[in-house]
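The values are calculated or read from the model by the stated rules, or taken from the named source; none is laboratory data. Bear in mind that the values here come from a model prediction, so they are computed numbers and not experimental data. Counting neighbours? That spans all protein chains shown, and the Cβs are built from the backbone with ideal geometry, glycine included.
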Ligand SMILES: [Zn+2]
C-alpha cells in the first residue's frame, strides 16, 4: 500500500520538477519506445531516427548533435547498427554515459558489409528483455531518485514481453516446419529466425546499403522455386521494387509489410515494440499459409 502511495507521489512529481527532467537520447524508434516504456513521461526523450526511418544509412542533422550535446544519457543499439553515431557524439562534445542496450545478448556472427555481428538483436523478444534490463539499469544509475519507479515499470513491461514471447511461439507452432520460409528484402530477421524457427531469405544482406545484382535475383528465384516458397514480404524501411520484381518473375504471394528496423508512425500498425511483433507475426502466419501451393 505504501509502495503504491510512493508511486502515485512519483507520478505527480514531474509537473513540479519540469525543469529537472532527465534528457535522454535514443538512437532509433524501437529503442525510443523501449525507453518510453521504462521511463514514461518523467524524462525528456529524443529519438534520432524516427518511424519508418532507416538507421543503417541515416544522416544526422544539426538538431541531433544539439540534442546529444544537452543530453544526460544516450542509449544506442550497438553491434555496429548506428555507424554514424560515434562521430556525431564526438562532434557534439557530449561526455556523458553512452549505454549499449544490446550489451549481454549472444550476437549472431555476420562478416560482411563492414560488420562483424548482426545488429538486429531486437527481433528476438528474449534479447528485447535484455535491452529493457540495460535501459532500466542506466536510468536507475543516472536518475537514482526515481529508481523505484523505473524498476516497477520495467518489471511490468518485462512481464508483458514474456507473455508476448509465449504468444509468438504458439502462433508460429501452428505452421508446419517445412512451410516456415519467407523472403524479405534485407536480412533483419535472423534473431527472430533463431528463436522462433522461421527461415528468412533476404537478397539484400544485413544492411540496406547493399544492392541485389541480377545474379542474386536469378539465384533467389531458383531458391524460391526449389523450396516452394511463395511468401514474400516488403519492409517498411526498404525499397519495395525488389520484392515487386520477384513477384512478377516468380510464383509468389506478397504478404504486405514487415516492420524490421523501425516502428510505424503512431497511427500505423506497428507503433510500439510489442505492436510490431503482433503485426509481423500475424503477417508472417498469413504469408506462410501460402507456401503449401494453395492460393
Ligand atoms: Zn537492418
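I need a count of the residues in segment 54-83 that are buried (at least 18 other Cβ atoms within 10 Å of the Cβ) and within 16 Å of the ligand (Cβ to nearest atom).
11
Against the definition (surrounded by 15 or more Cβ atoms within 10 Å (Cβ to Cβ) and assigned to a helix (DSSP H, G or I)), how does residue 139 come out, yes or no?
yes
Under 7 Å between Cβ atoms, which residue pairs at least 6 apart in sequence (or on different chains) link something in segment 207-229 that is assigned to a helix (DSSP H, G or I) with a partner that is within 16 Å of the ligand (Cβ to nearest atom) and modelled with pLDDT under 80?
Going by the 7 Å Cβ cut-off, the qualifying pairs are 216/203; 217/203; 220/203.
Conditions first: (1) more than 16 Å from the ligand (Cβ to nearest atom); (2) closer than 24 Å to residue 221 by Cα. Residue 190 passes all but one, so which condition is the exception?
Result: residue 190 passes all but (1).
When only residues in segment 246-280 that are exposed (fewer than 15 other Cβ atoms within 10 Å of the Cβ) and more than 22 Å from the chain's Cα centre (by Cα) count, which is farthest from the ligand (Cβ to nearest atom)?
Out of the qualifying residues, it is 251.
What do you reckon, is residue 144 under 30 Å from residue 220 (Cα atoms), surrounded by fewer than 16 Cβ atoms within 10 Å (Cβ to Cβ) and out of contact with any strand residue (DSSP E or B) (no Cβ under 8 Å at 6 or more places or on another chain)?
For residue 144, the condition - under 30 Å from residue 220 (Cα atoms), surrounded by fewer than 16 Cβ atoms within 10 Å (Cβ to Cβ) and out of contact with any strand residue (DSSP E or B) (no Cβ under 8 Å at 6 or more places or on another chain) - is not met.
It is to be established whether one or more residues within segment 35-48 are within 16 Å of the ligand (Cβ to nearest atom) and crowded, with 16+ Cβ neighbours inside 10 Å. Full working, then the answer.
Within segment 35-48, the first condition is being within 16 Å of the ligand (Cβ to nearest atom), and the residues that meet it are 48.
Narrowing the set further to residues that are crowded, with 16+ Cβ neighbours inside 10 Å leaves 48.
Taking every residue of segment 35-48 in turn, at least one turns out to be within 16 Å of the ligand (Cβ to nearest atom) and crowded, with 16+ Cβ neighbours inside 10 Å.
Go through the residues of segment 83-104 one by one and say whether even a single one is farther than 23 Å from residue 57 by Cα and under 18 Å from the mean Cα position of the chain (by Cα).
Scanning segment 83-104, I find at least one residue that is farther than 23 Å from residue 57 by Cα and under 18 Å from the mean Cα position of the chain (by Cα), so the answer is yes.
Out of (1) surrounded by fewer than 21 Cβ atoms within 10 Å (Cβ to Cβ); (2) under 16 Å from residue 290 (Cβ atoms), the odd one out for residue 230 is which?
So the condition that residue 230 fails would be (1).
Looking at (1) in contact with a strand residue (DSSP E or B) (Cβ under 9 Å, 6 or more places away or on another chain); (2) in a loop (DSSP other than H, G, I, E, B); (3) within 21 Å of residue 237 (Cα to Cα), can you tell me which one residue 64 breaks?
Going through (1) in contact with a strand residue (DSSP E or B) (Cβ under 9 Å, 6 or more places away or on another chain); (2) in a loop (DSSP other than H, G, I, E, B); (3) within 21 Å of residue 237 (Cα to Cα) one by one, residue 64 breaks only (2).
So which of 174, 159 is over 21 Å from the mean Cα position of the chain (by Cα) and either farther than 20 Å from residue 283 by Cα or away from the ligand (no atom under 15 Å from the Cβ) (or both)?
174
Can residue 206 be described as on the phi < 0 side of the Ramachandran plot, within 15 Å of the ligand (Cβ to nearest atom) and at pLDDT below 95?
yes
Residue-wise test of (1) in a helix (DSSP H, G or I); (2) in contact with a helix residue (DSSP H, G or I) (Cβ under 9 Å, 6 or more places away or on another chain); (3) in the same structural domain as residue 104 (by TED's automatic domain parsing).
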{"site": "152", "(1), (2), (3)": "yes, yes, yes"}
{"site": "159", "(1), (2), (3)": "yes, no, yes"}
{"site": "182", "(1), (2), (3)": "no, yes, no"}
{"site": "186", "(1), (2), (3)": "no, yes, no"}
{"site": "192", "(1), (2), (3)": "yes, yes, no"}
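Within segment 97-129, take every residue that is in a strand (DSSP E or B) and in contact (Cβ under 8 Å) with a residue 60 or more places away in the chain and give me the one that is farthest from the ligand (Cβ to nearest atom).
So in segment 97-129, the residues in a strand (DSSP E or B) come out as 98-100, 109-112, 115-117.
Now narrow it down to the ones that are in contact (Cβ under 8 Å) with a residue 60 or more places away in the chain: 110, 112, 115.
Numbers: 110: 11, 112: 13, 115: 10 Å.
It comes out as 112.
Out of curiosity, is residue 94 touching a strand residue (DSSP E or B) at 6+ places or on another chain (Cβ under 9 Å) and either surrounded by fewer than 22 Cβ atoms within 10 Å (Cβ to Cβ) or under 21 Å from residue 43 (Cα atoms) (or both)?
The answer is yes for residue 94.
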